[in-house]
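Participant: Can you read through this structure? Questions will come right after.
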Amino acid sequence: MLIKSRQLFFLILLSQLCSFTLKANPGDTSWVTIYNLRKLTYYGNYDTTTSLPVGGQYRKIRLHYILSTYTCPPGTQYCGSWDYTTQLYVKPQNNDTVEIARIITPYATDWIQTNRKHDYVVDVTDYASVLKGTTDFRFVYQGYSYGFAITLKLEYIEGVPAMDAVKVKNIYDGYFAFGKTIDSIEKHLVPKTLSYASPGSRAMIKNSISGHGSDNASCSEFCSKYYQVKLNNTQIAQHQIWRNDCGVNNIYPQTGTWLYERANWCPGAVVWPIYHDISALTTANTSFSVDIDMQPYTAPNQANAQAGYNFISQLITYSAPNYSTDVSIEDIISPTTDPNYARSNPACVNPTIKIKNTGSNTITQVVFNYGLTGSTPLTYTWTGSLPFLGQTDVVFPPSTAIYAGNTNSDFEVTVVSVNNTNGDQNLFNNVYRSKTIAVPVYVPSFTIKMSTNKATDPNTQKNETSWTLEDENGNIVKSRTNNTNLTLFNDTVTLAPGCYKFKVTDSGCDGISWWAYQYYTPNPGTGTLGFYYTGSYSTFYTVAGDFGCEQVKYFRVSNTTSTLEKIQVTNAINLFPNPASGEFYLQFDLEKPQSVICKVTDLAGKTVLIKKTTKISLGTETIDASKLASGAYLVNLQLEDGTVINKKLLLQK
């Protein structure tokens with residue numbers, strides 16, 4: 001009996017170990033963990049071997065790169081989570097070792113305290129030909145400090161892909177100095193003779209290129225250069241190696257210089273590859289040459305010419321398309337709780353999805369059903385011209401009815417018909433769901449208070465920061481643009497029930513307050529922006545100053561205002577402008593009338609100014625600091641009821 005039990009246990013265990021070889025049902029998902037909470041404790045390579053599925057066909061393979069943090073050991077000299085380059089390589093037998101993903105870690109020195117993590121999702125279906133069986137992996141960490149931990153998981157979604165990935169081969173792979181005369185990058189980017197065999201019928205050049213380091217001209221990280229692709233000595237493409245959207249990164253705010261534009265990367269973001277389709281220019285079983293040339297450049301100081309480009313270029317070949325008519329719902333941008341779309345959520349209007357044409361025929365019309373699960377779906381017809389492998393965002397009409405309940409739920413979207421035909425050839429990518437959370441409900445009447453800094457837009461000669469308030473139909477209810485520097489603005493709004501979008505933009509893409517301002521000349525200072533109860537200095541929504549280029553806030557105004565609980569007023573004091581040039585102001589919103597002692601001290605602790613106010617609960621007091629020298633000060637505010645509030649002040653004259 002014992003033997004039989006052991007035999008049964010062995011058979012069950014064997015079936016689990018071999019489950020990857022069994023064909024799952026279309027749409028089913030299998031997961032493989034490469035690393036689980038692996039602490040990154042040294043610079044260099046982290047190698048492992050993993051058993052991957054074999055014998056199946058997968059519509060999509062996705063890498064989940066889950067970055068988290070851990071508490072560094074006592075005495076650790078370096079425990080700063082900075083923007084480090086990380087790469088994941090697969091090392092299959094009888095094939096090139098190939099990079100399948102590159103992600104730059106964020107400035108995350110505050111993640112340990114907040115126990116924060118992030119799941120970066122990367123489509124790695126291109127590498128289906130090597131992501132199978134017992135396979136070696138190498139995770140490359142180009143960071144020198146403790147603090148980060150990595151979890152890597154592969155998600156295999158059963159089904160037929162748009163094309164079968166047949167083979168991947170390296171064209172270039174390395175880090176090459178840029179602008180160095182004795183070791184020119186072109187010595188490494190030499191012409192390569194390539195070919196691919198049947199059944200490959202389509203071919204792509206896939207480039208993952210990012211510039212790092214800075215010479216006397218800020219190259220390569222902070223200068224925009226291009227590369228050219230030549231096929232058989234004829235130029236077929238030119239692409240700028242630059243990324244100008246760091247200031248709208250969904251991983252924000254960060255503690256470093258996250259919002260600066262860079263050479264095809266941003267801190268805390270995936271380095272997205274660049275594709276060049278050469279299918280129409282090449283033929284299976286026929287040789288051709290590929291040459292990539294960088295824009296000519298010579299570093300001004302050759303002794304300091306250490307910057308360069310992390311250059312991965314691959315030839316990936318595929319089968320012929322598996323479908324003639326197929327639309328894939330790739331993702332839901334809003335509404336969703338996915339932090340990769342944090343800037344667009346939580347939303348209460350205009351659901352937005354991402355679709356891809358995974359059939360060879362051009363898509364001109366798609367009919368969708370959408371809405372919260374359990375409710376009557378709405379219908380929308382998209383029209384356009386989407387070629388094979390083309391992607392686009394579909395923005396549905398204002399749909400506040402589906403959010404009327406304002407509760408956490410599931411959002412669902414379904415493809416009903418494609419090109420005037422019911423359904424399409426692959427039904428397993430026609431439905432997508434996301435989790436939603438309720439947007440806040442605010443009082444119908446409140447005041448938007450904005451205190452500007454002195455950051456000047458060179459084009460308008462006005463303050464860089466502006467805002468608009470739109471209703472659910474996109475109509476502007478209120479806005480404030482072309483604002484004067486170092487000024488306090490109060491705008492009271494009274495809103496009808498519905499959904500509203502409040503959008504703050506900054507033309508300098510550095511928010512309204514940022515730690516790095518202290519190194520600017522002149523220092524733009526600190527601005528503030530928030531929603532206040534009318535007739536009060538108590539805020540119920542405050543714009544975080546470090547928002548980069550823009551920040552969006554959705555909220556609802558309800559018919560039933562009795563359900564709204566007004567936040568209890570606490571002792572609040574606002575100091576502005578900051579920095580100040582001669583005098584500054586204190587805005588009071590206190591629980592009861594009382595006197596306040598304002599004591600200003602320098603950084604050495606010496607008291608340089610004292611002023612006592614008369615009893616006040618709501619109002620503004622002027623503090624004359626014209627006799628104080630420029631510099632940083634501490635402002636200590638002692639209330640009559642024993643409350644102590646401390647502020648920082650910067651004087652610039």
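Participant: Among Ala580, Leu634, Val608, whose Cα projects farthest towards the positive end of the dipole of segment 570-653, with charges put on the beta-carbon of Lys, Arg (+1) and Asp, Glu (-1)?
Facilitator: Value: Val608.
Participant: Next up: Let me spell out the model: positive unit charges on the Cβ of Lys and Arg, negative unit charges on the Cβ of Asp and Glu, origin at the Cα centre of segment 327-436. What dipole size does that give, in debye rounded to 20?
Facilitator: On the way: 5 positive and 7 negative charges, 19 e Å.
I would put it at about 100 debye.
Participant: A follow-up question, please. Under 17 Å from the Cα of Lys615, which aspartates and glutamates turn up, not counting those fewer than eight places away in the same chain?
Facilitator: Cα-Cα hits under 17 Å: Asp589, Glu591, Glu640, Asp641.
Participant: Separate question: Using a simple spin-label model with points 7 Å from Cα along the Cα→Cβ vector, what separation in nm is obtained for Leu37 and Val608?
Facilitator: 5.0
Participant: Below 8 Å between Cα atoms, with a sequence gap of 6+, how large is the relative contact order for segment 350-462 in percent?
Facilitator: 27
Participant: Report the FRET efficiency, 1/(1 + (r/R0)^6), for Gln228 and Gln638, where r is their Cβ-Cβ distance and R0 is 51 Å, rounded to 0.05. It would help to have the intermediate numbers written out before the result.
Facilitator: Numbers: r = 67 Å, r/R0 = 1.31.
Calculated transfer efficiency: 0.15.
Participant: Here's another thing I want to ask about it. Could you tell me whether segment 477-619 comes out rounded, prolate or oblate from its Cα gyration tensor? Rule is a ≥ b ≥ c as square roots of the eigenvalues, rounded for a/c under 1.5, then prolate if a/b exceeds b/c, otherwise oblate.
Facilitator: The shape class here is oblate.
Participant: Summing Lys, Arg as +1 and Asp, Glu as -1, what charge do residues with Cβ under 13 Å from the Cβ of Ile623 carry, Ile623 excluded?
Facilitator: That works out to +2.
Participant: Between Lys599 and Thr534, what length comes free when the chain is fully extended (0.36 nm per residue of separation minus the Cα-Cα distance, one decimal in nm)?
Facilitator: Full extension of this stretch gives 20.5 nm more.
Participant: For the chain, find the longest principal axis of its Cα atoms and tell me its angle to the long axis of helix 2-17, 0 to 90°, nearest 10.
Facilitator: Approximately 80 degrees, to the nearest 10.
Participant: I've got another one for you. Over segment 92-219, what is the mean sequence separation of C-alpha contacts under 8 Å (at least six apart), divided by residue count, expressed as relative contact order in percent? Write down the numbers at each step before the final one.
Facilitator: Working: 50 pairs, mean separation 35.1, N = 128.
With pairs under 8 Å counted, the relative contact order is 27 percent.
Participant: If you restrict to DSSP beta bridges whose two residues both lie in segment 408-511, what percentage is antiparallel, to the nearest 5?
Facilitator: In segment 408-511, approximately 95 percent of DSSP beta bridges are antiparallel ones.
Participant: So, one more: Give the peptides 409-416, 598-605 in descending order of average Cβ contacts within 10 Å, highest first.
Facilitator: 409-416, 598-605
Participant: Right, something else. Between Ser201 and Ser279, 0.36 nm times their residue separation minus their Cα-Cα distance comes to what?
Facilitator: Here the segment from Ser201 to Ser279 would lengthen by 27.4 nm.
Participant: Please give, to one decimal in nm, the separation of the simple spin-label points placed at Thr392 and Lys648, each 7 Å out from Cα toward the Cβ.
Facilitator: 4.8
Participant: May I pose another question? Roughly speaking, what % of Cα-Cα pairs in segment 140-198 are separated by over 18 Å, rounded to a whole number? Intermediate values should be presented prior to the final figure.
Facilitator: Details: 1172 of 1711 pairs.
The share of Cα pairs beyond 18 Å in segment 140-198 comes to 68 percent.
Participant: On a C-alpha basis, how far is the centre of segment 216-256 from the centre of segment 338-393 in Å? Whole number, if you could?
Facilitator: Each part's Cα centre sits 29 Å from the other's.
Participant: Then there is this: Between Gln295 and Ser445, take the C-beta separation as r, use R0 = 51 Å, and let me know the FRET efficiency to the nearest 0.05.
Facilitator: That gives a FRET efficiency of 0.35.
Participant: Once both labels are modelled 7 Å past Cα along the beta-carbon direction, what's the Ser630-Gln238 spacing in nm?
Facilitator: Spacing of the two 7 Å Cα→Cβ label points: 4.4 nm.
Participant: What full-extension length gain, to one decimal in nm, is calculated for Asn490 and Glu186 as 0.36 nm per residue of separation minus the Cα-Cα distance?
Facilitator: Gain on stretching Asn490 to Glu186: 103.6 nm.
Participant: Give, rounded to the nearest 20 debye, the magnitude of the charge dipole that the chain has about its Cα centre when Lys and Arg contribute +1 at Cβ and Asp and Glu contribute -1 at Cβ.
Facilitator: 880
Participant: Whole number please: convex hull volume per residue of the Cα set in segment 166-242, in Å³?
Facilitator: Details: hull volume 8.6 nm³, N = 77.
Roughly 112 Å³ of hull volume per residue.
Participant: Same structure, new question: Greater than 19 Å separation of Cα atoms is the criterion. Which listed pairs, Lys462/Lys648; Lys167/Lys192; Lys454/Lys648; Lys60/Lys192; Lys132/Lys192, meet it?
Facilitator: Lys462/Lys648; Lys60/Lys192; Lys132/Lys192
Participant: Can I ask one more? Sequence gap at least 6, Cα distance under 8 Å: using those rules, report the relative contact order of segment 231-294 to the nearest whole percent.
Facilitator: For segment 231-294, the relative contact order is 37 percent.
Participant: Moving on. Using the beta-carbon distance between Thr376 and Ile437 and R0 = 25 Å, what value does 1/(1 + (r/R0)^6) give for FRET efficiency, to the nearest 0.05?
Facilitator: With a Förster radius of 25 Å, E is 0.70.
Participant: I'd like to compare 277-288, 437-448, 60-71: which one has the highest average count of other Cβ atoms within 10 Å, and what's the full order after that?
Facilitator: 60-71, 437-448, 277-288
Participant: In addition: Where Lys and Arg each count +1 and Asp and Glu each count -1, what net charge lies around Arg202 among other residues with Cβ under 11 Å from its Cβ?
Facilitator: Residues close to Arg202 contribute a combined charge of -2.
Participant: I've got another one for you. Under 1.5 on a/c is rounded, so check that first for segment 261-329, then, if it is not, pick prolate when a/b is larger than b/c and oblate when it is not; a ≥ b ≥ c are the square roots of the alpha carbon gyration tensor eigenvalues.
Facilitator: It is oblate, given that a/c is not under 1.5 and a/b is not larger than b/c.
Participant: Please arrange His118, His239 by how many other C-beta atoms lie within 10 Å of their C-beta, fewest to most.
Facilitator: In increasing order of surrounding Cβ atoms, one gets His239, His118.
Each value in this text was obtained by applying a stated rule to the coordinates, not by laboratory testing. In this text, all values refer to a predicted model and were calculated from it rather than measured experimentally. Note that each Cβ is placed from the backbone with ideal geometry, even for glycine, and that neighbours are counted across all protein chains shown.
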